[in-house]
1. If you place +1 on the Cβ of every Lys and Arg and -1 on the Cβ of every Asp and Glu, how big does the dipole about the Cα centre of region A:1-71 come out, in debye to the nearest 20?
2. Relative to the Cα centre, what is the charge dipole magnitude of region B:21-99, using +1 at the beta carbon of each Lys and Arg, -1 at the beta carbon of each Asp and Glu, and rounding to the nearest 20 debye?
3. How large are Rg and Dmax for the protein assembly as shown when calculated on the C-alpha trace, in angstrom?
4. I'd like to know which of B:Phe83, B:Tyr29, B:Ser40 lies farthest towards the positive end of the charge dipole of region B:28-99, counting +1 on Cβ of Lys and Arg and -1 on Cβ of Asp and Glu.
5. Would you list, by chain and number, the lysines whose Cα falls below 18 Å from the Cα of B:Lys57, excluding same-chain residues fewer than 8 positions away?
6. So for region A:42-83, what percent of the C-alpha to C-alpha distances run longer than 15 Å?
7. Helix A:14-82 versus the longest principal axis of chain A: what angle, 0 to 90°, nearest 10, using Cα atoms?
8. Angle between the Cα long axis of helix B:42-58 and the longest principal axis of chain B, 0 to 90 degrees, nearest 10?
Amino acid sequence: MSDLPYGPPVRVSPLIRFGRWSFLTAGILYGAFHQNRLSKKEAKFREVEAKEKVIRDEKIAKEKAMAAAAELKNLEDMVSGKN
Amino acid sequence: MASLVAKVPVLINTAIAQGRPKFNIFMKYARVELAPPKLSEIPQIKAGIGKLLSSAKSGAWKDQTVKQATLNALVGAEVLFWFYVGECIGKRHIVGYNV
């Protein structure tokens, strides 16, 4: 160990090393578990939203068509009313 | 531009050559200081946990100097932060959960 420039390595207390490693593994498990749980939740939510989007798009298209027809009718009335 | 691109592998090689001895020194220290606890150290860990619990129960943790308390708090925080490092590894994303 004579080639170590900063003296002999510190003997870190086993309790601290145990704490670090156990917290690290606990964190990995916690992160993986919640990643799994949250992505499942989000996938379900996206499925529902995709179903609702079809209905909403239909409704918006219908409203748009109705508004366009009403506008056209208004315009015709205005043109025919003035002349 | 082409000459710059040609220099990149040379740069990487010199970086590796310069960094290797330092990395070897780092590994020599890390093997001892960052090693996971061995099975033979379990009694010491148990004794340490027992000491923590007894000092928490008896209130002995209040009898330290400010310097000791600061150091202990910093070490405790560092140990606790390993949990968040592990969480980031487990969720495979740095900020938030990438769902």
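What follows is calculated from the coordinates using simple rules that are stated; it is not laboratory data. Owing to the predicted nature of the structure, the values given are computational and were not obtained by experimental measurement. Methodologically, a virtual Cβ is constructed for each residue, glycine included, from the backbone with ideal geometry; neighbour enumeration extends over all protein chains shown.
1. Numbers: 14 positive and 9 negative charges, 70 e Å.
The calculation lands at about 340 debye.
2. It works out to roughly 140 debye.
3. Here Rg and the maximum Cα pair distance are 32.1, 107 Å.
4. It is B:Ser40, whose Cα lies furthest towards the positive end.
5. The qualifying lysines are B:Lys46.
6. On the way: 527 of 861 pairs.
The share of Cα pairs beyond 15 Å in region A:42-83 comes to 61 percent.
7. Long axis of A:14-82 versus the principal axis of chain A: about 10 degrees.
8. It works out to around 50 degrees.
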